[in-house]
Amino acid sequence: MSIETIATRPIDGQKPGTSGLRKQTAVFQGPHFLENFVQSIWAGIGGAAGKTLVLGGDGRYFNAEAAQVVLRMAAAEGVAKVIVGQNALLSTPAASHLIRKRGTDGGIILSASHNPGGPDGDFGVKFNTPNGGPAPESVTTAIFEATKTLTEYRILTAQDVDLGTPGTLALGDMKVEVVDPVADYALLMEQIFDFDALRALFAGGFRLRFDAMHAVTGPYAKAILEDRLGAPAGSVVNGTPLPDFGKGHPDPNPIWAKTLVDEMMSRDAPDFGAASDGDGDRNMIMGRGIYVTPSDSLAALAANASLIPAYAGGLKGVARSMPTSRALDRVAADMGLDCYETPTGWKFFGNLLDSGRITLCGEESAGTGSDHVREKDGLWAVLAWLNILAKRDMPVKALMEDHWARFGRNYYSRHDYEGVDATIANAIMDDLRTRLPDLPGQEVNGLTIEAADEFAYDDPVDGSRTEAQGLRIDLTGGARIVLRLSGTGTVGATIRVYLEKVDTQVLDRDAQDALADVVAAAESLTGLRVKTGRAAPDVIT
Ligand code: VG1
Ligand code: CO
């Protein structure tokens, strides 16, 4: 085995987005693309020699090959040890947990999360720091800077490492420890939740449908929900990870998890329905006859957290990403908790969690989590809901009705326009941005604009400032429109329009109906549909 130094040159477009570097698979498979980025990670983290790292991915097409490249490059760099999930699989939350539990120097996660996989799909690479969380902007910037000046990378010439069986192997001077991807994570869940109450729930005939969407959560869900908690075999569907996710988008929302939604809305629906995404960090929560928006789910979890053993002592504080509905804020105000508003992306919660300012946090994009790891965690959210339902002994629908009666309801929806020409998308944003200062006081479609700005975040822990994080327009009575461009897409631009409206009286409306005037106001303000030539959004959550 020998270390080869390969001459290369910088490749454009290796700037990490909301969650790591995401590109079409074919781009990642192009000459030196993956290698350049991995070598830049080593540079961006101040060198990898002597370090211990975690490695795993969501099992999508090119996962296995990319893992071997990372291992050979780690060995060439003098990494002491890499802890790898068996068959190079690890869900994102499980990777975060391993990084923390084993006191490592961080890890590499191979995933494009909810983006489709396969030769015509997407691939991604993300670095997580020793706290288990996605690298903060300071680190991703250093990695990106390194991609711009790279002239060579180092790689070991060697056969593939057999990642099929747990145990410790050698690759050159580096140790490779292959671990069961589920075991440590399952143990952690057992420490957080009341497993006895959950077993009793299922023993009592509670019916669950968990759609793993042919992605990485399948083995975790089966091991925990079926094997340990006694949910009947078959409760987990689409539970075997496939490289192309069965040709679907592994994105748990009402569009891509439509089969589950239809089942949950049917007459003989199970008591509880849930789905997770490609890498297992997102969740969708449903009850019989109800879809719980992620923003409402976060608020309900905060309000009921004390029913979960790990949070019985109370929450330190809570946080949500800026576009997430302010349902959480209402709970926080009622409970006397600090509530932080961060930019989109889990990396911004890291400092708040590390410094003990918050226990619970979430995003409108189906991400919920706590201080147990430093990533959002799909299965954790499902178990949290089940734990709460077991204690409150009521259906999901009744629980949400009770929640809204107590706190009021933030009707909420996100409208996505995907694959928009980037020039048009930027022009729409630029146009609205320049008009922001003039908007307060104006009336649109019968709604008065109270405030309008572009969100910037000052991290209260490290003092860093992050600008240009979305345009927000506050309307009378707690209504709001937020616009931002996606940082995870790989084709053209995706415009996300986040819509919200508060009602404390009428609590049972259809969200789209309730938001109709806010939607109309957003169109009047932006001319989005006219400018993009679209009659309607591609995705409504
Ligand atoms: C989206 C979501 C964001 C989430 C990110 C990564 O980002 O809006 O809330 O943190 O995906 O999630 P964007 O920039 O496309 O809006 V995951 O599960 O894809 O890693
Ligand atoms: Co994800």
Scanning the stretch 130-139 for residues that are in a loop (DSSP other than H, G, I, E, B) and either in the same structural domain as Phe245 (by TED's automatic domain parsing) or within 16 Å of ligand 1 (Cβ to nearest atom) (or both), the one surrounded by the most Cβ atoms within 10 Å (Cβ to Cβ) turns out to be Gly132
Exactly one of Leu399, Leu436 is assigned to a helix (DSSP H, G or I) and outside the structural domain of Val502 (by TED's automatic domain parsing), and that one is Leu399
The condition from (1) touching a strand residue (DSSP E or B) at 6+ places or on another chain (Cβ under 8 Å); (2) farther than 23 Å from Asp503 by Cβ that Arg326 misses is numbered (2)
Only unsatisfied item for Ser40, checking (1) among the hydroxyl-bearing types (Ser, Thr, Tyr); (2) at pLDDT below 95; (3) out of contact with any Gly (no Cβ under 7 Å at 6 or more places or on another chain), is (2)
Residue pairs within 8 Å by beta carbon, gap of at least six or interchain, first lying in the stretch 266-294 and on the phi > 0 side of the Ramachandran plot, second within 16 Å of ligand 1 (Cβ to nearest atom) and assigned to a loop (DSSP other than H, G, I, E, B), listed first then second, are Gly280/Asp58; Gly280/Ser91; Gly280/Ala215; Gly280/Val216; Gly280/Asp377
Picked from the stretch 340-358 (must be among the polar types (S, T, N, Q) and more than 13 Å from the chain's Cα centre (by Cα)), the residue nearest to Ala456 (Cα to Cα) is Thr342
Check your understanding: Is it true that Ala479 is away from ligand 1 (no atom under 16 Å from the Cβ) and without any contact (Cβ under 8 Å) to a residue 60 or more places away in the chain?
Key -> yes
So, Thr18, is that one surrounded by fewer than 24 Cβ atoms within 10 Å (Cβ to Cβ) and within 16 Å of ligand 1 (Cβ to nearest atom) or not? yes
In the stretch 440-455, anything without any contact (Cβ under 8 Å) to a residue 40 or more places away in the chain, at negative phi and assigned to a loop (DSSP other than H, G, I, E, B) is listed as Pro440, Gln442
Within the stretch 147-197, restricting to residues that are assigned to a strand (DSSP E or B) and of a type in the set (Ser, Thr, Tyr), the one that is farthest from Arg72 (Cα to Cα) is Thr168
Going through the stretch 224-246 in order, the residues found to be in a helix (DSSP H, G or I), in contact with a helix residue (DSSP H, G or I) (Cβ under 8 Å, 6 or more places away or on another chain) and surrounded by fewer than 20 Cβ atoms within 10 Å (Cβ to Cβ) are Arg228
Contact list, first residue from the stretch 104-125 and more than 16 Å from Met213 (Cα to Cα) and away from ligand 1 (no atom under 15 Å from the Cβ), second anywhere and assigned to a strand (DSSP E or B) and of a type outside the set (S, T, N, Q), beta-carbon distance below 7 Å, six or more apart or interchain, is Thr104/Leu53; Thr104/Val54; Thr104/Ile83; Asp105/Leu53; Gly106/Leu53; Gly106/Phe127
Taking first residues from the stretch 189-207 that are surrounded by 15 or more Cβ atoms within 10 Å (Cβ to Cβ) and second residues anywhere that are hydrophobic (A, V, I, L, M, F, W, C) and outside any helix (DSSP H, G or I), the pairs with Cβ under 6 Å that are 6 or more apart or on different chains are Leu198/Leu229; Arg199/Leu229; Phe202/Leu229; Phe202/Ala231
Among residues of the stretch 265-323 being in a loop (DSSP other than H, G, I, E, B) and of a type in the set (Lys, Arg), the residue farthest from ligand 2 (Cβ to nearest atom) is Arg267
Looking at Glu341, is it surrounded by fewer than 23 Cβ atoms within 10 Å (Cβ to Cβ) and outside any strand (DSSP E or B)? no
(Q) Within the stretch 408-415, does at least one residue satisfy the condition of being assigned to a helix (DSSP H, G or I) and farther than 24 Å from Ala333 by Cβ? (A) no
When restricted to Ala95, Ala142, the only residue within 16 Å of ligand 1 (Cβ to nearest atom) and under 30 Å from Arg465 (Cα atoms) is Ala95
Residue set Leu515, Leu475; condition at pLDDT 95 or above, more than 22 Å from Trp346 (Cβ to Cβ) and over 26 Å from the mean Cα position of the chain (by Cα); output residue Leu475
- Query: Does at least one position in the stretch 62-69 carry a residue that is outside the structural domain of His372 (by TED's automatic domain parsing), under 29 Å from Val539 (Cα atoms), out of contact with any His (no Cβ under 9 Å at 6 or more places or on another chain) and in contact (Cβ under 8 Å) with a residue 60 or more places away in the chain?
  - Reply: yes
Taking the stretch 375-414 and keeping only residues that are within 16 Å of ligand 1 (Cβ to nearest atom), crowded, with 24+ Cβ neighbours inside 10 Å and among the charged types (D, E, K, R), one is left with Glu375, Lys376, Asp377
Just one listed residue, out of Arg465, Arg496, is of a type outside the set (A, V, I, L, M) and within 16 Å of ligand 1 (Cβ to nearest atom), and it is Arg496
Condition set among the β-branched types (Val, Ile, Thr) and crowded, with 24+ Cβ neighbours inside 10 Å, scope the stretch 359-374, selection farthest from the chain's Cα centre (by Cα): answer is Val373
Whether any residue in the stretch 55-64 is over 26 Å from His249 (Cβ atoms) and more than 16 Å from ligand 2 (Cβ to nearest atom) is what I want to check.
no
Among helices (runs of 4 or more DSSP H) completely within the stretch 1-107, the ones holding 2 or more residues that are touching a Lys or Arg at 6+ places or on another chain (Cβ under 8 Å) and under 17 Å from Val373 (Cβ atoms) are 92-101
Only one of Thr259, Thr293, Thr217 is of a type in the set (Val, Ile, Thr), closer than 27 Å to Ala327 by Cβ and either surrounded by fewer than 18 Cβ atoms within 10 Å (Cβ to Cβ) or within 13 Å of ligand 1 (Cβ to nearest atom) (or both), namely Thr217
Does Ala468 meet the test of being more than 29 Å from Leu352 (Cα to Cα) and either touching a helix residue (DSSP H, G or I) at 6+ places or on another chain (Cβ under 6 Å) or outside the structural domain of Arg357 (by TED's automatic domain parsing) (or both)? no
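The values are calculated or read from the model by the stated rules, or taken from the named source; none is laboratory data. On a predicted model such as this, the values are computed, not experimentally measured, just so you know. Here Cβ is always computed from backbone atoms with ideal geometry, including for glycine, and neighbour counts include all displayed protein chains.
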